[in-house]
Structure formats: structure tokens, C-alpha cells
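Undergrad: Below are the C-alpha cells for one structure; questions will follow.
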Amino acid sequence: MTLQLQTGTAAAAFKMTGGIYTLTTLELHSTNPADITNQLENMTRKAPNFFQQTPVIIAFDQLSPEQPSIDLYQLRHSLQQFGLILIAVRGGQKSHKQDAMMAGIPWLPSPRQRSREEESTEDAETNVVIMQKTRSGSSPAAEAQSQAETAPALQKTTLIEHPVRSGQQVYAEGDLVITAPVSSGAELLAGGNIHVYGPLRGRALAGVNGNGDARIFCLQFEAELISINGQYKMPSASSSSDPLWGSSVIVSLEEQSLHIKKL
């Protein structure tokens, strides 16, 4: 669903819309600038043009409190040298949030922080619902029927029966099924699983809305990039030595690492 905000004037100069975009996250395990730069060099050497003009989020979630602080100005400059554009930082300590504000970089809460906030809100809402039901004296059958009526609808499967060509992007809120080839330079994004009944030569990103149980299935594995819930691999960089290259495979996320297995 797209959110549209428009001014009340008869001839608005602009329209604000909200959408879903897939962003690359760099999860820092070290704040040593030299280590970060070396890894960026190794990563971009394999695909020099792949990361050009790529927006990224820097995540501090895995940094221990004992780690020294990092210069966000220097980090942003280092990323730009390799074609990456820093648009926000996520999580970390209170000092990380303050550093981001000083550098003029948006700060986002980590998934764990967001979950705690949502749980607190849900607990408060649950207490209100219980009080309302107690006062109204609703029967269990009526309550069950009310819950069924307010339950969210299941996400539908999107079926594409024509080739997805270079430069095209396909997005599905639920599962995405492609019964035709996916060319190099094409991009598939799905909140659930991705099924490609043909060659997969482009990018496939499953579980983009935070579904770590999503899978990628394809009959001919030649992907440029695969991703599940933000964890990604670039298989084409080592295709010559990969015995699964060109085979039918299933890709899953286990312990924050992608695993590719033969179907």
C-alpha cells in the first residue's frame, strides 16, 4: 500500500509518497578504519561497478560497548570512495546516536530496540482490550469471531509468466513465482519466498520485510546476487569453482549465513 500526502492547495507543487526499498546494511564488527577500508577494497575489487551509487545503512548493533568510537565523517568519505552512499546509521549506544546527530546523519533504532518498543505498546493495548472485554461481558464465541474479523489477510502469491529482462524490477509482498528466465541486471524482491522455474541470472532478494524463514528456489542457478532478510552473497564472483553453478538449488538463511543446497 502506498501512502500519499498532498498539500491542501489546488495546484500542489509536489506530492509525497511512501514506498518499500531494499537497502544494503553494513553491520560493523570493528571500528578500525583500516580494517573497514581493506574489506571494502576486497569487496569492490570482485565487482568494481556493482556497488556504484548504492545507498547503505551502517549498523552498530553488533559492536560491544568497549569498542572505540568511530569518526562518521571519515567513514562516510571512505564509503564514497567505493561508490557507497551513507544514508543512515542504526542502533548502537547513546554515543552513536549523538555522533550521528552531530554529523547530520539520520539515526534508526535497531530491530531489537524497535521490538522492545512494540512489545511495550502491545502490552498496553492488551491491557486496554482486557478491561474493555471484562466490562462488556462478551462471550468467548463472540470474542473469537471478532478476532477472526480483524485478523490480517494472508499475503498473496505473485505469478510472473514472462521473462524478467535486464533493468526490470519485480516486487511481491508475499511469495514471488517466475516461470520464465530472469536476465542479468534484473532484480526480484519478495517479502516471502522466491521461485524461479528457469535460469536465474539477476538478483534475487527474499524476505525483504524481515522474514528470515524465506527461501529462494531456482532450476538454473547463475545469480549475480542472492539475499534473504538482508544477508547476501555474490555467487557469480566464484562461479568457476562452484559445483552448484547452473544446477537446481535452494537457498536458505541459517545462523545469519546463507546456505546453498542442491534441490
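The values are calculated or read from the model by the stated rules, or taken from the named source; none is laboratory data. Note that this is a predicted model, so its numbers are computed, not measured. For neighbour counting, all protein chains shown are included, and Cβ atoms are generated from backbone atoms with ideal geometry for every residue, glycine included.
Undergrad: Evaluate the range 190-202: report whether one residue or more is modelled with pLDDT of 95 or more, surrounded by 22 or more Cβ atoms within 10 Å (Cβ to Cβ), over 18 Å from the mean Cα position of the chain (by Cα) and of a type in the set (Val, Ile, Thr).
TA: Yes, the range 190-202 contains a residue that is modelled with pLDDT of 95 or more, surrounded by 22 or more Cβ atoms within 10 Å (Cβ to Cβ), over 18 Å from the mean Cα position of the chain (by Cα) and of a type in the set (Val, Ile, Thr).
Undergrad: For the range 6-24, check the following and say yes or no: at least one residue is aliphatic (A, V, I, L, M), buried (at least 16 other Cβ atoms within 10 Å of the Cβ) and either touching an Asp or Glu at 6+ places or on another chain (Cβ under 7 Å) or at pLDDT below 90 (or both).
TA: Filtering the range 6-24 for residues aliphatic (A, V, I, L, M) gives 10-13, 16, 20, 23.
Still in the running and buried (at least 16 other Cβ atoms within 10 Å of the Cβ): none.
Checked against the condition, which is being aliphatic (A, V, I, L, M), buried (at least 16 other Cβ atoms within 10 Å of the Cβ) and either touching an Asp or Glu at 6+ places or on another chain (Cβ under 7 Å) or at pLDDT below 90 (or both), the range 6-24 yields no hits at all.
Undergrad: Limited to the range 165-183, what total is found for residues that are out of contact with any Ser or Thr (no Cβ under 6 Å at 6 or more places or on another chain), closer than 12 Å to residue 221 by Cα and not in a strand (DSSP E or B)?
TA: Within the range 165-183, residues that are out of contact with any Ser or Thr (no Cβ under 6 Å at 6 or more places or on another chain), closer than 12 Å to residue 221 by Cα and not in a strand (DSSP E or B) number 1.
Undergrad: Has the range 201-209 got any residue that is of a type outside the set (A, V, I, L, M), assigned to a loop (DSSP other than H, G, I, E, B), under 23 Å from residue 255 (Cβ atoms) and touching a residue at least 40 places away in the same chain (Cβ under 8 Å)?
TA: Yes: the range 201-209 contains one or more residues that are of a type outside the set (A, V, I, L, M), assigned to a loop (DSSP other than H, G, I, E, B), under 23 Å from residue 255 (Cβ atoms) and touching a residue at least 40 places away in the same chain (Cβ under 8 Å).
Undergrad: Quick check on residue 34: is it within 23 Å of residue 93 (Cα to Cα) and over 23 Å from the mean Cα position of the chain (by Cα)? Please lay out each step first, then the result.
TA: Details: within 23 Å of residue 93 (Cα to Cα): yes; over 23 Å from the mean Cα position of the chain (by Cα): yes.
Spelling it out, residue 34 is indeed within 23 Å of residue 93 (Cα to Cα) and over 23 Å from the mean Cα position of the chain (by Cα).
Undergrad: Something else now. Filter the range 212-239 down to residues that are of a type in the set (S, T, N, Q) and more than 13 Å from the chain's Cα centre (by Cα) and give me whichever is modelled with the highest pLDDT.
TA: Applying the first criterion (of a type in the set (S, T, N, Q)) to the range 212-239 yields 220, 227, 229, 231, 236, 238-239.
If we keep only those that are more than 13 Å from the chain's Cα centre (by Cα) too, we end up with 220, 236, 238-239.
On the way: 220: 94, 236: 61, 238: 54, 239: 59.
Ranking the qualifying residues of the range 212-239, first place goes to 220.
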